[in-house]
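The values are calculated or read from the model by the stated rules, or taken from the named source; none is laboratory data. Quantities reported herein were computed from a predicted structural model and do not represent experimental measurements. Quick reminder, even Gly has a Cβ in these numbers, built from the backbone with ideal geometry, and neighbours come from all protein chains shown. We work out accessible area using only protein heavy atoms, side chains counted, and drop any ligands, DNA or RNA first. Shrake-Rupley method; radii C 1.70, N 1.55, O 1.52, S 1.80 Å.
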Amino acid sequence: MLKYGITLKGGEAMSEPIKIAYLYEDLMNTYGDSGDVKILRYWLNQAGYQVQVDNVSLAADFNAADYDFLFFGGGQDYEQTVVARDLLRHKATMQAYIEAGKPMLAICGGYQLLGDYYKTSGGQTIKGLGILPLHTVFKADSRMIGDTEFETEYGTVRAFENHSGRTYFDDPKLKPLGKMVQGYGNNPEDGVEGLHYKNTFGSYAHGPILRNDNIAQAIAKLIIENHQARVGVPA
Ligand code: GLN
């Protein structure tokens, strides 16, 4: 039993590794977001599971249904433009994955690309996946940078943000991941951070965010449950 009342066990009997798809790892990895994947690997190993991480980059074959977890890190505007062009190929399997309640974490630029569009610093509009009803607009005059703290259903999360994109929800039913205590989060007006839709999490929190054990363990638990459902739990 780990902290936060989450029991992570059952991996000893499983032969197939937990499979994580790291979307565009080589292009989308600002401010150490790859640490999120390393931290999850740690917790999943602690629970007795082997973990395989696949870098799904430009032109790669990819079917979200083959994975137990999707991770999409942050990126600069230029890289986002390149990634967005390739990403749209995967909309159908990613949408089915997200709607089925399978776990995903998308940070900053990755989070922005789950939405309808991102209007960049150059005034260019990047088409996002359009899976979640949100959009992002770059504002050059006030970059949101610094330490953040927000309250989530898992407890307090402390992190770091650095973005000029302001994200707005286009459906009032969409729920944020947390309420800001310090920093900006989605935008300077709404006082909320990120997104929590089914088992998909979006966030502006770098640091990496999963250095916060509460949310890291909650996501590790979701991954294990999804893995067990995918490969079948031995009797
Ligand atoms: N380029 C985006 C912005 O500035 C995302 C930045 C990031 O992912 N770190 O809003």
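Numbers at a glance
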read-out	value
Given (1) open to solvent by less than 10 Å² (accessible area, probe 1.4 Å); (2) over 30 Å from GLN228 (Cα atoms); (3) among the small types (Gly, Ala, Ser), index of the condition ALA140 fails	(1)
In the stretch 58-83, residue nearest to LYS38 (Cα to Cα) [restricted to those that are within 16 Å of the ligand (Cβ to nearest atom) and open to solvent by 10 Å² or more (accessible area, probe 1.4 Å)]	GLY75
Residue ID - most open to solvent (accessible area, probe 1.4 Å), chosen from residues in the stretch 14-51 that are within 16 Å of the ligand (Cβ to nearest atom) and acidic (Asp, Glu)	ASP26
Test: THR156 is surrounded by fewer than 24 Cβ atoms within 10 Å (Cβ to Cβ) and more than 12 Å from the ligand (Cβ to nearest atom)	yes
Enumeration of residues in the stretch 200-217 that are surrounded by 20 or more Cβ atoms within 10 Å (Cβ to Cβ), more than 14 Å from the ligand (Cβ to nearest atom) and more than 10 Å from the chain's Cα centre (by Cα)	LEU210, ASN212, ILE215, ALA216, GLN217
Candidates ASP116, ASP54, ASP61, filtered to the one that is touching a strand residue (DSSP E or B) at 6+ places or on another chain (Cβ under 8 Å), at pLDDT 95 or above, more than 15 Å from HIS227 (Cβ to Cβ) and of a type in the set (Asp, Glu)	ASP116
